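Worksheet: one structure, shown below.
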Amino acid sequence: MAYKEESVLALNLKKYLDENFLEELLVEDLSLKFDLSIVHLIRIFKKEFGLPIHSYIINKKVHLAKELLALNLPIIEVAQSSGFFDQSHLNRSFKRVFQLTPKEYQSNIFKC
């Protein structure tokens with residue numbers, strides 16, 4: 001497969017992920033949808049965007065959570081609305097990306 005074709009496929013996959021990241025996405029289902037082997041699907045995405053599909057999805061969820069936290073919503077509600085299994089999953093993922101917990105982030109925004 002030519003690089004240009006792979007690049008277009010990766011962009012189409014990214015667009016699909018951007019539109020559906022809150023759904024439960026399985027790599028097996030994505031490979032069927034895009035008619036590629038799992039290995040090839042993972043390889044072209046990582047080659048184009050520099051990170052694995054799963055990391056990309058988590059990153060999208062964390063950034064959505066950050067926006068919701070800025071609205072001063074309860075953290076448990078933010079976790080559910082941004083596609084995390086529970087609050088501790090949000091905490092771990094959020095801290096990995098932003099080096100602080102959702103509570104610390106919210107406290108920094110709403111200091112009075």
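Could you list, in sequence order, all residues of segment 33-72 that are in a helix (DSSP H, G or I), loosely packed, with under 13 Cβ neighbours inside 10 Å and of a type in the set (A, V, I, L, M)?
Val39
With the requirement that a residue be closer than 19 Å to Val97 by Cβ and without any contact (Cβ under 8 Å) to a residue 24 or more places away in the chain, what does segment 17-53 give you?
If the condition is that a residue be closer than 19 Å to Val97 by Cβ and without any contact (Cβ under 8 Å) to a residue 24 or more places away in the chain, then Lys46, Gly50, Leu51, Pro52 are the ones that fit.
Any idea which of (1) modelled with pLDDT of 95 or more; (2) farther than 22 Å from Ile109 by Cβ; (3) open to solvent by 60 Å² or more (accessible area, probe 1.4 Å); (4) not in a loop (DSSP other than H, G, I, E, B) is the one Gln80 doesn't satisfy?
Here Gln80 meets the rest and fails (2).
Specify which of the listed residues (Glu19, Glu23) is closer than 28 Å to Val78 by Cα, of a type in the set (D, E, K, R) and not in a helix (DSSP H, G or I).
Glu23
Just one of the numbered conditions (1) open to solvent by 40 Å² or more (accessible area, probe 1.4 Å); (2) under 27 Å from Leu90 (Cα atoms) is not true of Lys4; which one?
Of everything listed in (1) open to solvent by 40 Å² or more (accessible area, probe 1.4 Å); (2) under 27 Å from Leu90 (Cα atoms), Lys4 misses just condition (2).
The values are calculated or read from the model by the stated rules, or taken from the named source; none is laboratory data. The structure presented is a predicted model; accordingly, all values stated were derived computationally and were not measured. All Cβ positions, even for glycine, are placed from backbone atoms using ideal geometry, and neighbour counts span all protein chains on display. Protein only, heavy atoms only, side chains kept; ligands, DNA and RNA dropped before computing areas. Shrake-Rupley method; radii C 1.70, N 1.55, O 1.52, S 1.80 Å.
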